[in-house]
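Novice: Once you've had a glance at the structure underneath, I'll fire off some questions.
The values are calculated or read from the model by the stated rules, or taken from the named source; none is laboratory data. Note that the structure is predicted; figures quoted are calculated from it, not measured. Counting neighbours? That spans all protein chains shown, and the Cβs are built from the backbone with ideal geometry, glycine included.
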Amino acid sequence: MGIFERDTDIYRDRDALREDYQPEELVGRDEELRAYQTALQPVINAEQPNNIFLYGKTGVGKTAATRYLLSHLKEDVKQYEDIDFNLVFLNCDGLISSYQIATRLVNELRDDSNQISTTGYPRSSVYEMLWEELDELGGTVLVVLDEVDHVQDDSILYQLPRARANGNLSSTKIGIIGISNDFSFRDDLSPKVKSSLCEQEIHFPAYDADDLQKILTQRATVAFYDDVLDDAVIPLCAAYGAKDAGDARQSIDLLMKTGDIARDDNSEIVTEEHVERGRRNLERGRIEEGINGLTQHGHLVLYALLTLDLEQETPVRSRDIRPRYSLFAERAGRDPLVPRRMRDHLSELAMLGLISVTERNEGRRGGTYREYDMDMSPELILSALDDVLNDVGVHESVKQHLISDTESEETTALTDFS
DNA sequence: CATCCACTGGAAAGATAGGTAA
DNA sequence: TTACCTATCTTTCCAGTGGATG
């Protein structure tokens, strides 16, 4: 008998819940799609394409709409022989500078044998290479920059649309599609960039719970067999996504996680309880991911706050976190950071949603300061912080906590440290 | 109403670590 | 090897903030 066995399945096609799944129809985005299509029309007419700027919160269908329309465009363009259409798609997540974008674009355009490193070249030579590659391509080129709001300086957003006017490109017609999660990004652009990049703007509003239910139903019909979903499942997942952002991605992820959990259970139907477990599971993943991305000092600061929390000292101001943090830093054999920097780490933790901040102002006697509090359960954070525990040892308060809470199995393994 | 507390958060500059090119 | 690139994390400095207080 083998180790592996095919699951008794509730899924007809689980892939329909994945991020890269392309549905036949986009639900609830009719108006936006129409505007988008109009903006893309010049490509078909073999004219200089518009620069298009899409904005809206995460998971409201910006990228999906782009993929959907551009794949159709690519098809439809084939019937006209005089159009040479090329598409460059780049997700700018994690890219902070124009320089990085330029290098990625060059790599995107070149074949694998000829890639360049992402650091080291003078800025101007990277741009040189970029113009060269673009010009070689010829025809109409659409450059899609997904999540452009991550970029801090806008030099490339200035350079790209004007490359032709500046004589860097001779034959290629270039159009830029910028996709941004952050509406204020547009306002922060310098006026000259704004005028060229934002020729056509399309706003994607958040989905409401109704839209989300329709979307989930559409996906679920493909993904699951009939009648395996409890009636409450889809509304619950929709509510989860609608709660703070109208985010379809979040809802669909939850639906998939829920389905996976039900399948693990060998359950033949998916219930409300599976949704609840799925929600917790996603939350946990989010925390671990956040913590893993921090530096060691970030961990030390978090651990300091955690121990203070277990001692019921929270909410606590940064001044009072510092001695504890310094102690841990020294035990870990690192020089403690200067207070200013420690506060930066605290702000970062707050941004990840791991801790919460309250601003206080006691006026003339107390001045303005911020108070920090744990937002997550200590167990969850401890399990993601095990490397710190190795370095500084388990603090007294954590030991206390673990003794008083004997059910927690995965953390009891750590009590051996001194 | 002006003052002032004690922190916040922006900015500049340093240190270090990666890379190319010649 | 030297000369030059950028990225990332850090320190240093300091103007700004806003509500209680006199």
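Novice: Pairs please, first residue from region A:112-135 and under 20 Å from A:Cys92 (Cα atoms) and within 11 Å of DNA strand C (Cβ to nearest atom), second anywhere and of a type in the set (Phe, Trp, Tyr) and modelled with pLDDT of 80 or more, Cβ atoms under 6 Å, 6+ apart in sequence or on different chains.
Specialist: From region A:112-135, the pairs are A:Arg123/A:Tyr99.
Novice: Please work out which one of (1) more than 19 Å from the chain's Cα centre (by Cα); (2) modelled with pLDDT of 80 or more; (3) crowded, with 21+ Cβ neighbours inside 10 Å is the condition A:Pro235 fails and give its number.
Specialist: (3)
Novice: May I pose another question? Can you tell me which of A:Pro205, A:Pro235 is in contact (Cβ under 8 Å) with a residue 40 or more places away in the chain and either touching a helix residue (DSSP H, G or I) at 6+ places or on another chain (Cβ under 9 Å) or not hydrophobic (A, V, I, L, M, F, W, C) (or both)?
Specialist: Selected residue: A:Pro205, the only one of A:Pro205, A:Pro235 that is in contact (Cβ under 8 Å) with a residue 40 or more places away in the chain and either touching a helix residue (DSSP H, G or I) at 6+ places or on another chain (Cβ under 9 Å) or not hydrophobic (A, V, I, L, M, F, W, C) (or both).
Novice: Could you grab me the full set of residues in region A:329-358 that are of a type in the set (D, E, K, R), in contact (Cβ under 8 Å) with a residue 12 or more places away in the chain and near DNA strand B (Cβ under 8 Å from one of its atoms)?
Specialist: Result: A:Arg343, single match.
Novice: Continuing with this model, one more query. Output the number of residues of region A:75-109 satisfying the condition of being over 17 Å from A:Leu160 (Cβ atoms), outside any loop (DSSP other than H, G, I, E, B) and in contact with a Ser or Thr (Cβ under 9 Å, 6 or more places away or on another chain).
Specialist: Count: 2.
Novice: While we're here: From the list A:Tyr21, A:Tyr36, exactly one residue is within 19 Å of A:Leu255 (Cα to Cα), in contact with a helix residue (DSSP H, G or I) (Cβ under 7 Å, 6 or more places away or on another chain) and either touching a residue at least 12 places away in the same chain (Cβ under 8 Å) or not assigned by TED's automatic domain parsing to the domain that holds A:Leu254 (or both). Which is it?
Specialist: Answer to the check: A:Tyr21.
Novice: Within region A:37-56, which residues are more than 13 Å from A:Glu199 (Cβ to Cβ) and in contact with a strand residue (DSSP E or B) (Cβ under 7 Å, 6 or more places away or on another chain)?
Specialist: Selection gives A:Val43, A:Tyr55, A:Gly56.
Novice: Okay, next question. Quick check: anything in region A:315-328 part of a strand (DSSP E or B), in contact (Cβ under 8 Å) with a residue 24 or more places away in the chain and either touching a helix residue (DSSP H, G or I) at 6+ places or on another chain (Cβ under 7 Å) or more than 14 Å from DNA strand B (Cβ to nearest atom) (or both)?
Specialist: Yes, because at least one residue in region A:315-328 is part of a strand (DSSP E or B), in contact (Cβ under 8 Å) with a residue 24 or more places away in the chain and either touching a helix residue (DSSP H, G or I) at 6+ places or on another chain (Cβ under 7 Å) or more than 14 Å from DNA strand B (Cβ to nearest atom) (or both).
Novice: Hey, does region A:292-300 have a residue that's away from DNA strand C (no atom under 16 Å from the Cβ), in contact with a helix residue (DSSP H, G or I) (Cβ under 8 Å, 6 or more places away or on another chain) and of a type outside the set (Asp, Glu)?
Specialist: No, region A:292-300 has no match at all.
Novice: Got at least one residue in region A:253-272 being in a helix (DSSP H, G or I), more than 16 Å from DNA strand B (Cβ to nearest atom), within 14 Å of A:Met376 (Cα to Cα) and of a type in the set (D, E, K, R)?
Specialist: For region A:253-272, residues in a helix (DSSP H, G or I), more than 16 Å from DNA strand B (Cβ to nearest atom), within 14 Å of A:Met376 (Cα to Cα) and of a type in the set (D, E, K, R): absent.
Novice: Another question, then. Just checking, how many residues over region A:345-380 are within 21 Å of the chain's Cα centre (by Cα), more than 16 Å from A:Pro323 (Cα to Cα) and either assigned by TED's automatic domain parsing to the domain that holds A:Arg280 or not in a loop (DSSP other than H, G, I, E, B) (or both)?
Specialist: Looking only at that region, the number is 7.
Novice: Taking A:Asp93 as the residue in question, decide whether it is over 29 Å from the mean Cα position of the chain (by Cα) and either within 16 Å of DNA strand C (Cβ to nearest atom) or surrounded by fewer than 18 Cβ atoms within 10 Å (Cβ to Cβ) (or both).
Specialist: No: the conditions fail for A:Asp93.
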